[in-house]
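Worksheet: the structure to be examined is printed underneath.
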Amino acid sequence: MSWKVVPLFKRDFGFFDRQRDMFDDWIKEFDDDWRSLELSESRSRFDRELEKIKRDLFKLDTGSTKLQVERPFITDPIGNKKLNLRFDCSQFKPEEISIKTMDRRLCVHAKHTEESPGRKVYREFTREYTLPDKVDPIALTSTLSKDGVLQIEAPAPANVEAPREHLIPIEKLLKF
């Protein structure tokens, strides 16, 4: 005698499908607003909520790590033209940040992991930038300010047009 297994459901049974299948068990846990609806309407509302959660989860994807800078060159206050890139790394410690070049690509990567009982925080930041022609990758320098702004600079080629940067000092801090 041989046995044959016949599936009852043939579909992708992912996380959101399992949530939908548990709806009948969960309806008694919902607040009165949900329970006062007709079953078909509360099921539709539940499906809309699940779709909203799914959309919001996919928004966490930051997309491309390729950095596009329209005008990467500046002229500093003393007249030097230079490549100037800035990155917000305020959520990372200096030892969690790495900067490297490979051929004409600059890569800034930062990774932070923090664990405590019942809690885990994980942050990661990656940006890649293709260096303009005639910018020497070996000449890049980086500085990290106290407030976490990472600045990467390199001398610009002589024939590059660069707007003049004017630093405006803050005369007085206002209290909010």
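Report the net charge of residues surrounding I152, where surrounding means a beta-carbon distance below 12 angstrom and charges are Lys +1, Arg +1, Asp -1, Glu -1.
+3
On the principal axes of its Cα set, how long, how wide and how thick is segment 73-155? Give whole Å, largest value first.
For segment 73-155, the Cα spread along each principal axis is 53, 29, 15 Å.
With labels modelled as points extended 7 Å from the Cα through the Cβ direction, what inter-label distance (nm, one decimal) is found for T126 paired with T65?
For the pair T126/T65, the computed spacing is 0.3 nm.
Here, each number is a calculation from the coordinates, and none is a lab measurement. None of the values given here were measured: they were computed from a predicted structure. So basically every Cβ, Gly included, is an ideal-geometry build from the backbone, and we count neighbours across all protein chains shown.
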